[in-house]
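Every number in this text was worked out from the coordinates using simple rules, so none of it is lab data. Computed from a prediction, not measured in an experiment: that's the story for all the values here. As a convention, Cβ positions derive from the backbone with ideal geometry for all residues, glycine included, and neighbour counts pool all protein chains shown.
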Amino acid sequence: MEKETYITEEEQKKCRKVADAFSELEDMDIVVVDVGRYGFVKLQYYTPPTGFENDFTFTDSRRLFEDLWEEWLHTQLIMLAREMKIEDIDYDDIFRRLPEEKRDELMGRKQHFAKAAGIETG
């Protein structure tokens, strides 16, 4: 019986680069794991003894990149909201309240991640 493969070798290499580019997310309890022919799995919200609460599978590097970018950006916005003592966390609202320089800095990080991951952004 032939084993089915759900991700191409090319996409697997691209996904590995994306996961490596966002490795700092591991400090925020978000881990991306290469699961071979099945693709890559994003695990998040670790709580002992049950483990990770959420898992998402990716076989497309662009989708993985956009998902991890959103996770990174939202995490930064949550930390900034705490510093600004904003209790109701609405990502768009927090982003709008930031000074233009800070918004530009955050959005500039997307280009940094894209370059590290070998992803073109439009």
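Taking the Cα centre of the range 1-54 as origin and charging only Cβ (+1 Lys, Arg; -1 Asp, Glu), how large is the dipole, in debye to the nearest 20? The partial results should precede the final answer.
Details: 7 positive and 12 negative charges, 30 e Å.
Roughly 140 debye for the range 1-54.
Arranged from fewest to most other beta-carbon atoms within 10 Å of their beta carbon, 3, 110, 13, 42 become 3, 13, 110, 42. Sorted fewest first by neighbouring Cβ atoms within 10 angstrom, 17, 115 come out as 115, 17. Between residue 56 and residue 111, the simple label model (points 7 Å from Cα in the Cβ direction) yields a spacing of 2.5 nm.
Contour minus end-to-end for residue 17 and residue 3, with contour as 0.36 nm per residue of separation and end-to-end as the Cα-Cα distance? Could you put the intermediate results ahead of the total?
Details: separation 14, 0.36 × 14 = 5.04 nm, distance 2.51 nm.
So the extension gain works out to 2.5 nm.
Label sites at residue 10 and residue 43, each approximated as a point 7 angstrom past Cα along Cα to Cβ, lie 3.1 nm apart. Relative to the longest principal axis of the Cα atoms of the chain, the long axis of helix 100-117 lies at roughly 10 degrees.
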